[in-house]
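The values are calculated or read from the model by the stated rules, or taken from the named source; none is laboratory data. No experiment lies behind these values; they were computed from the predicted model shown. Neighbour counts run over all protein chains shown; Cβ positions are idealised from the backbone, glycine included. With ligands, DNA and RNA removed, areas are computed over all heavy atoms of the protein, side chains included. Shrake-Rupley method; radii C 1.70, N 1.55, O 1.52, S 1.80 Å.
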Amino acid sequence: MRTTAAALAGAALLTLTACSGTVPGSGPAQETSSAAKPVAEASVAAPAASGDQPKGITYDVARIPSGAKLSTGSSVANGRTAVELKVSGLLPDTKYGSHVHTKPCGAKPADSGPHYQNEKDPVTPSVDPKYANAQNEIWLDFTTDAQGSASAEATVGWEFRQGEANAVVVHAAHTSTEHGKAGTAGDRLACLTAAF
């Protein structure tokens, strides 16, 4: 555990922050990224043809190249949850969306299920801003720097339900807040299995 934490801390020093990941209206982060407990880290690969899938998967090698690195961590304190995402090896100067999803990554992009929501929308897919928002979901949008690296952090006023948050998905665009499109962020480009 100490080795993994030390490796992530070292990676954090090498990763340039391209975007804070703060979503307007989400409030100030109560936890710092240094307090985050490592959850998952992987270099992405193409999905396996069958059987067990890699922990990190790219579904679009043109936009998330094989070998790109994704790592996530989280911390919980006083009923609040902070989640961080660090990426490297992606396209430079590019906007991506990212969210915590309910199921582990699979061979197909949709296998990771919908966004994790603290208060579940009774309608699927969820595009109602009452449910699809940065206070009810974990949004980790980022813009990469000139080297293709970035980090993002989100803090919410609730804790994950055990066993219901299992992946971080990287999408093709920043997350929409528009009514009827709220929570959407384009194609699912990559996935990191991460049991929070």
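What does the charge count around Gly97 come to, taking other residues whose C-beta lies under 14 Å from its C-beta (Lys +1, Arg +1, Asp -1, Glu -1)?
-1
Measuring from label point to label point, each 7 Å out along Cα→Cβ, what is the Glu159 to Thr143 span in nm?
Simple spin-label model gives 3.6 nm for this pair.
For Lys120 and Ala195 in one chain, what is 0.36 nm times their gap in residues minus the Cα-Cα distance, to one decimal in nm?
Additional length available on full extension: 25.1 nm.
Once you have a ≥ b ≥ c as the square roots of the Cα gyration tensor eigenvalues for region 62-131, tell me rounded if a/c is under 1.5, and otherwise prolate or oblate according to whether a/b is larger than b/c.
Verdict is oblate for region 62-131.
According to the square roots a ≥ b ≥ c of the eigenvalues of the Cα gyration tensor, what is the shape class of region 137-196, taking rounded for a/c under 1.5, prolate for a/b larger than b/c otherwise, and oblate for the remainder?
Cα axes put region 137-196 in the oblate bin.
For region 95-157, what is the accessible area per residue in Å², given a 1.4 Å probe and the full set of protein chains?
40
Going by the alpha-carbon gyration tensor, a ≥ b ≥ c the square roots of its eigenvalues, is region 27-113 rounded (a/c under 1.5) or, if a/c is not under 1.5, prolate (a/b greater than b/c) versus oblate?
Since a/c reaches 1.5 and a/b is larger than b/c, the shape of region 27-113 is classed as prolate.
How do 68-79, 183-194 rank on mean C-beta neighbours within 10 Å, highest first?
Per-residue mean Cβ counts within 10 Å order the peptides as 183-194, 68-79.
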